[in-house]
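Asker: If you scroll down you'll find the structure; I have some questions about it.
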Amino acid sequence: MKYCRFQSENGPAYGQVEVRDGVYCLTSRLPSPWPSPGNSTDVGPCTPQPLSQLTLLPPVEPSKILCVGRNYRDHAKELGNEVPAEPLLFFKPPSSLLPPGGIIRMPKVSERVDFEGEVAVIIAKRARKLSRHHDLRPWIHGYTLANDVTARDLQKKDGQWTRAKGFDTFCPVGPMVDTSLDITTGLTIETLVNGQLRQHGSTADFIFTLPVLLEYITAAITLEPGDLLLTGTPAGVGPLSPGDIVEVSIPELGRLTNSVQPDED
């Protein structure tokens, strides 16, 4: 099932998404607060509407956002870093979430803000001390697109990454969630800036597979339903400028599009 979260006349709502004549459309309403394997009954059909006609919201409401750094060899090398021996983890705060179509704000304290297109995993149920050797599909609710926006100069300056990764608007997510994908087969992810291809990679090229990541993370951190895991970005990251349009896409997950502007006073 594919679904989105959008602003309705009665507030935030969830809806099932289907392809109609090659266009992703909202076709029915879903229950709140968020669809899950045990809570996915339709609450009512609606007139099909293209997602482009909706005010979309981030399709997730996580208690925390965990991210994996340098999970593609070519990305680690392009920044002059060693390939990590273990997963490299960091957090982005939920306050950094940005909806599809939202504006990425470039902070005045940074001179370089980069895009990083990624596939993100939504956790289905409480996860603690998982094993890579078990079937972990029951803990995976679905997948969506994300852009791990990064103030690259501050990342280098600070040493730790909280500020560089955590500015408001630095985590665009969406436009929808797919609960039936299998990223182990290899999903092709691309990032375009102003229509020009900048990143092209496959989830088949992860250094650390999703089972390895879930085992490593849950050995230390309990994941709750709805939590978000960004799985890393392929090579090709680069700086953004005011006025840019950045698009992250996977055919099965649509296209996450955001504009870029300087931060407001």
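Quick note: the coordinates plus some simple rules give every number you see, no bench work behind them. Since we're looking at a predicted model, the values are computed, not measured. With ideal geometry, Cβ positions are generated from the backbone for all residues, glycine too; neighbour counts draw on all protein chains shown.
Asker: So for the pair Ser131, Thr47, with labels modelled 7 Å out along Cα→Cβ, what separation do we get in nm?
Answerer: Result: 5.5 nm between the two label points.
Asker: Here are some pairs, Lys108/Lys156; Lys64/Lys125; Lys64/Lys92; Lys92/Lys129; Lys77/Lys156; which of them have Cα atoms lying more than 18 Å apart in this structure? Could you put the intermediate results ahead of the total?
Answerer: Values: Lys108/Lys156 16 Å; Lys64/Lys125 14 Å; Lys64/Lys92 7 Å; Lys92/Lys129 22 Å; Lys77/Lys156 16 Å.
Checking Cα-Cα distances, Lys92/Lys129 exceed 18 Å.
Asker: Could you work out how far apart the two model spin labels at Ser95 and Thr188 are, taking each label as a point 7 Å from the Cα in the direction of the beta carbon, and quote it in nm?
Answerer: For the pair Ser95/Thr188, the computed spacing is 4.0 nm.
Asker: Given 25 °C and 0.890 mPa s, how large is the Stokes-Einstein diffusion coefficient of the chain in µm²/s, with Rh as the Kirkwood radius over Cα pairs? Please list the in-between numbers first.
Answerer: Working: Rh = 18.6 Å.
After rounding, the answer is 132 µm²/s.
Asker: Summing Lys, Arg as +1 and Asp, Glu as -1, what charge do residues with Cβ under 12 Å from the Cβ of Ala219 carry, Ala219 excluded?
Answerer: On the way: positive: Arg128, Lys129, Arg132; negative: Glu86, Glu215.
Computed value for this residue: +1.
Asker: So what are the ³J(HN,Hα) numbers for segment 233-248, from phi and the Karplus equation (6.51, -1.76, 1.60; θ = phi - 60°), rounded to whole Hz, Gly and Pro as x?
Answerer: Listing the rounded values in order: 10, x, 5, x, 4, x, x, 9, 10, x, x, 5, 10, 10, 10, 10 Hz.
Asker: Put +1 on the Cβ of each Lys and Arg and -1 on the Cβ of each Asp and Glu in the chain; which of Tyr216, Leu253, Cys67 then has its Cα farthest toward the positive end of the dipole?
Answerer: Among Tyr216, Leu253, Cys67, the one farthest towards the positive end of the dipole of the chain is Tyr216.
Asker: Whose amide H sits under 5 Å from the amide H of Asn71, counting only residues 5 or more places off or on another chain, with H placed in the peptide plane?
Answerer: Thr233
Asker: How far apart, in nm, are two points set 7 Å out from the Cα along the Cα-to-Cβ line at Arg112 and at Ser259?
Answerer: Result: 2.7 nm between the two label points.
Asker: Another question about this same structure. Tally Lys and Arg at +1 and Asp and Glu at -1 over the other residues with C-beta under 12 Å from the C-beta of Leu181: what net charge comes out? Present the calculation step by step, with values, prior to reporting the outcome.
Answerer: On the way: positive: Lys2, Arg137; negative: Asp178, Asp182, Glu252.
Net charge around Leu181: -1.
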